[in-house]
Structure formats: structure tokens, C-alpha cells
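Peer 1: Pasting in a structure now, in C-alpha cells, and then I'll have a few things to ask.
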Amino acid sequence: MTSLPKCTNIANANCVTSPVTGAGTVALSPVLQLQNILLVPSLSHKLLSVSQLTSDLNCMVLMYPIFCLLQDILTKEIIGRGTKRGGLYYMEDMSVGQTHHTHHSLGVKEKELWLWHRRLGHPSFTYMKHLFPDLFSQLNKFDFQCETCILAKSHRASFPLSLNKKDIPFVLIHSDVWGSSPITIVSGFRWFVLFVDDCTCMTWLYLLKHKDEVLGVFKSFHAMVRTQFSAKVQVLRSDNGGEYVDHQFREYFQQHGIIHETSCPQTPQ
Ligand SMILES: [Zn+2]
């Protein structure tokens with residue numbers, strides 16, 4: 001395809017000429033606007049001129065064995081993709097699957113804003129509003145979400161889903177004791193103990209004034225489970241925090257046939 005915008009004919013590799021009946025702009029995606037597109041009715045395929053593409057969009061085209069990428073020279077953003085089929089690269093519809101990169105479909109001001117956000121090492125948008133008031137003045141929204149910022153701030157990977165959940169309620173109870181609270185609440189409580197049923201995730205919270213009340217609280221929880229739900233606690237799982245490993249607890253567990261399992265301290269998952 002010739003790159004001359006005002007021509008009446010184009011010539012292919014065999015020097016066969018085809019008439020151009022019109023010209024105009026075509027949007028491949030919100031960010032891929034192609035100018036000077038020629039309408040040649042006799043051509044069976046829509047062809048893109050790489051040299052025109054790179055100069056019009058100020059981008060580079062990276063050709064790989066099975067796909068190609070269009071990358072903005074300034075922002076390094078991938079603005080287009082193509083896959084190779086039968087020796088030809090077919091452009092993909094870049095508007096599909098861009099929910100994570102909403103800034104592909106932005107106006108000039110918003111693109112500039114994202115560019116500065118990356119250039120300055122991802123500062124907060126509140127701070128950027130002080131730096132570039134004119135960039136923000138023309139935007140009617142202020143809810144920018146930068147995926148990189150969010151990922152960089154999270155300091156733990158998400159916990160994998162537990163695949164060995166119990167099918168029967170109260171068979172396995174997770175427990176943890178927390179305290180002492182730096183602030184004593186009005187009733188004088190400074191500790192709390194949690195019991196979580198593995199099957200249903202139902203949670204019971206008991207407040208304690210002293211740590212040594214844990215055994216009494218567990219006994220009343222255990223009695224409640226037996227009386228109200230006619231169920232049996234088979235395993236109590238806690239961290240190695242020390243509350244459940246004294247001899248009184250061991251005795252109680254032995255009397256009722258409860259197995260005590262421990263996990264690593266400070267591992268709430
Ligand atoms: Zn960011």
C-alpha cells in the first residue's frame with residue numbers, strides 16, 4: 001500500500017494498479033487511530049503499512065515468530081497486538097480484555113497524567129494534583145487506580161484456598177487467643193479468645209480479663225456445642241502460643257478424646 005495520502009491509484013508487487021475511491025480515519029481501538037486510510041474496493045484484505053503505522057503513531061513494531069506488538073516509543077505502552085496466521089500478522093481487537101488497563105482508552109490529558117505518574121516513580125494522585133493542577137482541571141473524575149501501585153503496596157501473597165475442609169460441623173475447631181490489649185475496656189477485659197468452626201466458618205468470640213481463663217472458656221464452648229448442637233469436637237487447632245499446651249488443657253483433652261493440633265505461631269491462615 002502506498003503511503004501517499006492523496007493518490008488515485010495504488011500499485012501492488014506485480015505492478016498491477018488498483019483505483020483508490022476514498023480516504024479517511026479508522027479506529028482499531030480507542031488508542032489506535034489510523035489516519036489516511038485508503039479505500040481500495042478491489043483489495044480482498046485490509047492491509048496496514050508498517051512504515052506509516054510507526055510514523056503516525058510514534059510507535060515501534062516488534063515482530064516475533066508467532067505474534068507482533070506495537071509499542072509506544074514514549075510511554076513503552078503496548079498499544080497493539082497481532083498474531084501470525086498463514087504468514088500474515090493479523091491485528092487483534094485491543095478493546096477486548098482491557099479492563100485491567102483502562103488507561104488505554106484515555107484522552108490526551110489522562111494519558112499524560114499516567115505518563116508522569118510512571119516517570120515520577122508512582123506518586124499518589126493527590127500529590128500529583130498539586131504538581132499538575134492543569135492536567136487535573138480538565139478531568140471530570142478522580143478515581144485513578146494504578147495496578148502497579150496496588151501490587152507494590154501489598155506485602156503478602158494471597159493465601160491459597162484450603163482444600164481439606166471438614167464436612168461435619170464442629171469436628172475441627174480453630175482457636176486463637178489475643179492480648180493483652182494495651183487499652184482495658186470498661187468492663188476490665190484485656191484478652192479475647194476466638195473459636196472458628198472449620199466446616200461452617202461460624203465464629204465465637206469470648207472476652208477475658210486474664211489469660212488463664214482460656215480453659216474455662218473452652219469448657220463452656222465445648223459444653224455449648226454438645227448441648228445445643230449435639231455435636232462432638234474432635235480436633236482443636238491452635239498456634240503454638242502456649243495457652244493450650246499446659247497440663248490442665250492436656251488433661252481435659254485426654255478426658256474428652258480431643259486431639260490438639262498446633263500450627264506455626266503468627267500464621268492466621
Ligand atoms: Zn502507580
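The values are calculated or read from the model by the stated rules, or taken from the named source; none is laboratory data. Since the structure is predicted, the reported quantities are computational estimates derived from the model, not experimental observations. Virtual Cβ from ideal backbone geometry, glycine too; neighbours counted across all protein chains shown.
Peer 1: Being small (G, A, S) and within 21 Å of E261 (Cβ to Cβ) is the requirement here; does S238 meet it?
Peer 2: The answer is yes for S238.
Peer 1: Of all residues in segment 255-269, how many are exposed (fewer than 11 other Cβ atoms within 10 Å of the Cβ) and modelled with pLDDT of 90 or more?
Peer 2: 2
Peer 1: Taking the conditions exactly as written (over 25 Å from the mean Cα position of the chain (by Cα), modelled with pLDDT of 90 or more, β-branched (V, I, T) and closer than 30 Å to Q234 by Cα), does I168 satisfy them or not? Talk me through it step by step, then tell me what you get.
Peer 2: Numbers: over 25 Å from the mean Cα position of the chain (by Cα): yes; modelled with pLDDT of 90 or more: no; β-branched (V, I, T): yes; closer than 30 Å to Q234 by Cα: yes.
Taking the combined requirement at face value, the residue does not satisfy it.
Peer 1: Now a separate question. Which residue pairs have Cβ atoms under 7 Å apart, sit 6 or more places apart or on different chains, and have a first residue in segment 124-139 that is among the hydrophobic types (A, V, I, L, M, F, W, C) and a second that is in a loop (DSSP other than H, G, I, E, B) and surrounded by 10 or more Cβ atoms within 10 Å (Cβ to Cβ)?
Peer 2: Pairs found: F125/F144.
Peer 1: Also, I was wondering about something else. Being among the hydroxyl-bearing types (S, T, Y), more than 39 Å from the chain's Cα centre (by Cα) and under 23 Å from K166 (Cα atoms), is that true of even one residue in segment 242-250?
Peer 2: No; the residues of segment 242-250 include none that is among the hydroxyl-bearing types (S, T, Y), more than 39 Å from the chain's Cα centre (by Cα) and under 23 Å from K166 (Cα atoms).
Peer 1: Restricting to segment 172-212, name every residue that is in a helix (DSSP H, G or I) and surrounded by fewer than 15 Cβ atoms within 10 Å (Cβ to Cβ).
Peer 2: To start, the set of residues in segment 172-212 that are in a helix (DSSP H, G or I) comprises 211-212.
The answer is D212, and nothing else.
Peer 1: Now for a different question. Being under 28 Å from S187 (Cβ atoms), of a type in the set (S, T, N, Q) and not in a loop (DSSP other than H, G, I, E, B) is the requirement here; does Q255 meet it? Full working, then the answer.
Peer 2: Details: under 28 Å from S187 (Cβ atoms): no; of a type in the set (S, T, N, Q): yes; not in a loop (DSSP other than H, G, I, E, B): yes.
Answer is no for this residue.
Peer 1: Here's a follow-up. May I ask you to list the residues in segment 113-140 that are of a type in the set (G, A, S) and either surrounded by 11 or more Cβ atoms within 10 Å (Cβ to Cβ) or at positive phi (or both)? Walk me through how you get there before you give the answer.
Peer 2: Within segment 113-140, the subset of a type in the set (G, A, S) is 121, 124, 137.
Answer for segment 113-140, where residues must be of a type in the set (G, A, S) and either surrounded by 11 or more Cβ atoms within 10 Å (Cβ to Cβ) or at positive phi (or both): G121, S124.
Peer 1: Let me ask another. Regarding D143, is this residue in the same structural domain as E112 (by TED's automatic domain parsing) and exposed (fewer than 12 other Cβ atoms within 10 Å of the Cβ)? Show your work before the answer.
Peer 2: Numbers: in the same structural domain as E112 (by TED's automatic domain parsing): yes; exposed (fewer than 12 other Cβ atoms within 10 Å of the Cβ): yes.
Criteria met by D143.
Peer 1: Another question, if that's okay. Give segment 210-259 a look and list any residue that's touching a strand residue (DSSP E or B) at 6+ places or on another chain (Cβ under 7 Å), of a type outside the set (F, W, Y) and farther than 26 Å from I183 by Cα, or say none.
Peer 2: Result: V233, Q234, V235, L236, R237, I258, I259.
Peer 1: Considering L135, L120, L151, which residue is out of contact with any helix residue (DSSP H, G or I) (no Cβ under 9 Å at 6 or more places or on another chain), of a type in the set (A, V, I, L, M, F, W, C) and within 16 Å of the ligand (Cβ to nearest atom)? Explain how you work it out, then say what you get.
Peer 2: Numbers: L135 fails: out of contact with any helix residue (DSSP H, G or I) (no Cβ under 9 Å at 6 or more places or on another chain); L120 fails: out of contact with any helix residue (DSSP H, G or I) (no Cβ under 9 Å at 6 or more places or on another chain).
After ruling out the rest, the residue left standing is L151.
Peer 1: Before we move on, is W178 among the hydrophobic types (A, V, I, L, M, F, W, C) and in contact with a helix residue (DSSP H, G or I) (Cβ under 8 Å, 6 or more places away or on another chain)? Please lay out each step first, then the result.
Peer 2: Numbers: among the hydrophobic types (A, V, I, L, M, F, W, C): yes; in contact with a helix residue (DSSP H, G or I) (Cβ under 8 Å, 6 or more places away or on another chain): no.
No, not satisfied.
Peer 1: Shifting gears a bit: Among the numbered criteria (1) surrounded by 14 or more Cβ atoms within 10 Å (Cβ to Cβ); (2) within 44 Å of the chain's Cα centre (by Cα); (3) at pLDDT 80 or above; (4) not polar (S, T, N, Q), which one does M63 miss?
Peer 2: Going through the list (1) surrounded by 14 or more Cβ atoms within 10 Å (Cβ to Cβ); (2) within 44 Å of the chain's Cα centre (by Cα); (3) at pLDDT 80 or above; (4) not polar (S, T, N, Q), M63 breaks only (1).
Peer 1: Here's something else I'd like to know. Looking only at residues that are more than 11 Å from L215 (Cα to Cα) and of a type outside the set (A, V, I, L, M) in segment 236-246, which one is modelled with the highest pLDDT? Before you say what the answer is, go through the steps one by one.
Peer 2: Going through segment 236-246, the residues more than 11 Å from L215 (Cα to Cα) turn out to be 236-242.
Checking which are of a type outside the set (A, V, I, L, M) leaves us with 237-242.
Numbers: R237: 89, S238: 86, D239: 79, N240: 70, G241: 65, G242: 70.
Only one residue tops the list, namely R237.
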